[in-house]
Amino acid sequence: MPSVSVVVPYFENQEGFNRLLEALDAQTYSGRLECIVADDGSTQPPLIPERIETPVRIVRQENRGFRAAAARNLGAAAASGEILAFIDGDTVPRPDYVSSAVAPVKKDPLAVVVGTRLHSDGQEPRWLHEAWQATDDLLDADDSSWRFIISAVLTCSRAFFERVGGFDATIVGYGGEDWEFAWRCWNAGAQFIHQPSAIADHPENDWGARHEDKEQAYAQKNVETRALARRVTHPLARPSQAFFEVPDTVVLFPADYSTWPAGVADAVIIGWLAQSDTHVVLPGEGEEAGLFAADPRVKIKGSDDMKLMERARFQMRLSAPVHPEAEDTQGFVLVRDTEGLGGNVVLKNHNGRTVAQVTSARFRALATTHYQSGEGAIPAEVTARWQEYEEPIRLEGFFAGWDESDVH
């Protein structure tokens with residue numbers, strides 16, 4: 001049986017901590033079990049009752065605000081288990097919790113398991129209950145299912161946790177760190193699983209039932225939402241009108257783009273920048289790069305920004321000078337449907353010519369392992385009706401919107 005480290009973020013809740021430790025002593029799991037408590041700067045560190053038999057270790061960090069993400073990372077770093085089971089300090093796992101939560105991870109090292117957390121009313125929040133029904137307990141998860149992963153009852157392998165880089169320790173304040181972590185897990189190839197039998201009790205209300213003051217509740221939630229918008233590129237997490245450091249889609253121009261007819265590269269760049277949350281990467285600084293020198297969405301390959309571009313959900317590699325038609329909103333939707341088509345899509349224009357290949361971050365992550373044999377690597381083919389340029393463009397007229405035939 002794999003060894004398991006239960007990682008508990010803690011802050012000044014000795015009574016709840018005692019209940020959790022007693023519950024760990026009652027676990028039916030037959031493998032080695034330890035508890036790592038990550039104290040998020042309590043005035044007094046938690047005490048370990050003498051009657052507790054489960055090995056417990058306490059690690060501490062300074063009180064610099066609500067830093068649950070950093071605390072969990074601190075606990076994980078001190079843990080020795082092959083599997084990490086994150087349980088909040090105010091949550092009490094039932095006797096079969098660890099056995100149930102660990103079972104999927106034993107079968108699949110990419111499994112990210114969320115348990116069942118029952119609140120003071122004996123129920124899960126309605127939004128989670130509905131999510132389990134809609135996704136068949138995450139068996140039908142997709143790239144929006146990161147919204148259903150909660151770190152209060154979260155289990156994964158240590159190897160996978162380290163591979164994705166753990167929680168984002170820069171997130172300070174209540175909430176959001178679990179969704180951001182889940183987003184990166186999905187893009188790294190995680191298999192999300194809801195384990196109904198991994199039950200833990202939370203003797204308080206869910207967040208939505210804790211606040212009577214709407215102004216205060218919304219203000220707190222908005223801090224979380226803004227933090228996620230900068231980190232999660234999915235359209236569900238951010239406004240389409242804003243610019244972000246990491247885009248949802250990055251368009252990579254081909255090495256030979258400088259051979260395109262005069263003015264065409266400029267037009268193609270403009271066409272892609274008209275799409276929401278899209279950046280463009282040029283293989284070198286051609287003449288057209290100067291036009292966009294002040295635009296943070298246009299990058300040069302090899303620049304420091306390229307590491308950020310690798311975090312985009314989709315990468316599109318152009319092989320022809322094309323972009324979606326301005327009025328063809330469905331054309332760009334094809335790009336963002338890539339995940340549902342296996343994450344690897346070849347786009348053909350209406351004339352039958354291959355114009356681009358789109359891959360998702362998840363596909364690229366899995367390609368390093370699952371697809372080495374060729375299985376699953378065959379791209380789907382999709383036809384789009386996009387603007388394709390074959391003749392040189394006089395930019396003066398292109399910018400001004402007049403036809404060259406009107407000029408003498």
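Figures for the structure shown
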{"read-out": "For Y97: the one exception among (1) more than 18 Å from the chain's Cα centre (by Cα); (2) surrounded by fewer than 20 Cβ atoms within 10 Å (Cβ to Cβ)", "value": "(2)"}
{"read-out": "Residue count, the range 249-264 (criterion: over 30 Å from R231 (Cα atoms) and either under 29 Å from the mean Cα position of the chain (by Cα) or not hydroxyl-bearing (S, T, Y) (or both))", "value": "6"}
{"read-out": "Spans of strands (runs of 3 or more DSSP E) in the range 1-87 with at least 3 residues of a type in the set (V, I, T) and closer than 17 Å to S151 by Cβ", "value": "4-10"}
{"read-out": "Residues located in the range 379-394, provided they are touching a strand residue (DSSP E or B) at 6+ places or on another chain (Cβ under 8 Å), at pLDDT 85 or above and either outside any strand (DSSP E or B) or not assigned by TED's automatic domain parsing to the domain that holds I269 (or both)", "value": "P379, Y389"}
{"read-out": "Counted residues, the range 290-335 - those being at pLDDT below 75, more than 19 Å from V346 (Cα to Cα) and surrounded by 14 or more Cβ atoms within 10 Å (Cβ to Cβ)", "value": "1"}
{"read-out": "Answer residue from the range 300-319, given it is assigned to a strand (DSSP E or B) and among the aliphatic types (A, V, I, L, M) and is farthest from F244 (Cα to Cα) among those", "value": "L318"}
{"read-out": "Criterion: touching a residue at least 40 places away in the same chain (Cβ under 8 Å), assigned by TED's automatic domain parsing to the domain that holds G41 and at positive phi - qualifying residue of G115, G165, G122, G173", "value": "G173"}
{"read-out": "Some residue of the range 264-279 being assigned to a strand (DSSP E or B) and either in contact with a strand residue (DSSP E or B) (Cβ under 6 Å, 6 or more places away or on another chain) or among the polar types (S, T, N, Q) (or both)", "value": "yes"}
{"read-out": "All positions within the range 6-19 that are farther than 7 Å from G89 by Cα and either outside the structural domain of V56 (by TED's automatic domain parsing) or among the aliphatic types (A, V, I, L, M) (or both)", "value": "V6, V7"}
{"read-out": "Selected residue [surrounded by 13 or more Cβ atoms within 10 Å (Cβ to Cβ), basic (K, R) and more than 26 Å from D137 (Cα to Cα)] from R230, R158, R163", "value": "R230"}
{"read-out": "Residue list for the range 235-279, filter: surrounded by fewer than 18 Cβ atoms within 10 Å (Cβ to Cβ), more than 20 Å from D305 (Cβ to Cβ) and not hydroxyl-bearing (S, T, Y)", "value": "P235, L236, P239, Q241, D256, P261, A262, A274"}
{"read-out": "Odd one out for P49, checked against (1) surrounded by fewer than 23 Cβ atoms within 10 Å (Cβ to Cβ); (2) touching a strand residue (DSSP E or B) at 6+ places or on another chain (Cβ under 9 Å)", "value": "(2)"}
{"read-out": "Answer residue from the range 135-155, given it is among the β-branched types (V, I, T) and crowded, with 19+ Cβ neighbours inside 10 Å and is nearest to G81 (Cα to Cα) among those", "value": "T155"}
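The values are calculated or read from the model by the stated rules, or taken from the named source; none is laboratory data. Note that the coordinates shown come from a computational prediction; the quantities given were computed from them, not determined experimentally. Don't worry about glycine lacking a Cβ; one is built from the backbone with ideal geometry, like all the others, and counts go over all protein chains shown.
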